[in-house]
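Before any comments, here is the structure.
The values are calculated or read from the model by the stated rules, or taken from the named source; none is laboratory data. Every value quoted in this text rests on a predicted model; they were computed, and no experiment measured them. Virtual Cβ from ideal backbone geometry, glycine too; neighbours counted across all protein chains shown. Remember, those area values only see protein heavy atoms, side chains included, never the ligands or the DNA or RNA. Shrake-Rupley method; radii C 1.70, N 1.55, O 1.52, S 1.80 Å.
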Amino acid sequence: MAVSGAVEQFHALEPLVRGGVGFAGTLLVAMVVLGLVQSRGPKSVAKARRSPIISICIGLPGVLVVVALASTGALILGSSLGTVFGILLVIVGAIVLPSAAMFGFVALGTSIAARLGRDRLPAGVIVGSLLAGLTALSLGSTIVLGTLVASLGLGAGVRVLFNAGGATRPDERTVPPANEI
């Protein structure tokens, strides 16, 4: 399978090379994605920082679904069922998962940078990329922390996309007539 080959190639690299690739890859994806989605990107990072548990609870099933879709696409590519659908599913996985992981790493990096006195998105991008590089040193930490930050980022992105934040102005809430005194 292609996935096992990619894991073996990743594990065969020297630890410093893995760390450098993790740092550079996260930094590149962060610059591209945050540059493309200028309105929703910072909102997703802020939403992930404000309520990480809710974002992880929403994002973990989403990550599992995206991984399942991408794996199904890879299986379809290996057979003669429908190459077009397989390519589409793999592309969706290849776009969504790195972007979601980047949002999670940047949210974690922004939180760490805020503790150090720099509560800005660019500082969060740098610290998050460093955190991704440190995570890439070990295969186990890459899988565990990568899943958690991808869940955090995907959950926050979904929450921003669907604007599931509740009542933004408490004075606009309505009370049903049966509950009025």
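Things to note:
- Residue match in segment 9-29 (condition: farther than 24 Å from A123 by Cβ, free of Cβ contacts under 8 Å to residues at least 12 places away in the same chain and in a loop (DSSP other than H, G, I, E, B)): yes
- Within segment 148-164, the set of residues being in a helix (DSSP H, G or I) and surrounded by fewer than 24 Cβ atoms within 10 Å (Cβ to Cβ) comprises L148, V158, R159, V160, L161, F162.
- For the condition free of Cβ contacts under 8 Å to residues at least 40 places away in the same chain and either within 17 Å of R40 (Cβ to Cβ) or within 12 Å of the chain's Cα centre (by Cα) (or both), L81 does not qualify.
- Within segment 134-158, residues that are free of Cβ contacts under 8 Å to residues at least 12 places away in the same chain have Cβ atoms under 9 Å from residues that are among the polar types (S, T, N, Q) in these pairs: S141/T135; V144/T135; L145/T135, counting only partners at least 6 apart in sequence or on another chain.
- The set of residues in segment 75-94 being more than 18 Å from V158 (Cα to Cα) and crowded, with 16+ Cβ neighbours inside 10 Å consists of I76, L77, G86, L89, V90.
- So A113, is it in a helix (DSSP H, G or I), open to solvent by less than 40 Å² (accessible area, probe 1.4 Å) and either over 25 Å from G19 (Cα atoms) or without any contact (Cβ under 8 Å) to a residue 12 or more places away in the chain (or both): no
- Of all the criteria given as (1) in contact (Cβ under 8 Å) with a residue 24 or more places away in the chain; (2) buried (at least 20 other Cβ atoms within 10 Å of the Cβ), the one not satisfied by L69 is (2).
Each row is one residue, and each column tells you yes or no for (1) modelled with pLDDT under 90; (2) within 13 Å of V158 (Cα to Cα).
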residue: H11; (1), (2): yes, no
residue: P15; (1), (2): yes, no
residue: G25; (1), (2): no, no
residue: L34; (1), (2): yes, no
residue: S39; (1), (2): yes, no
residue: I58; (1), (2): no, yes
residue: G62; (1), (2): no, yes
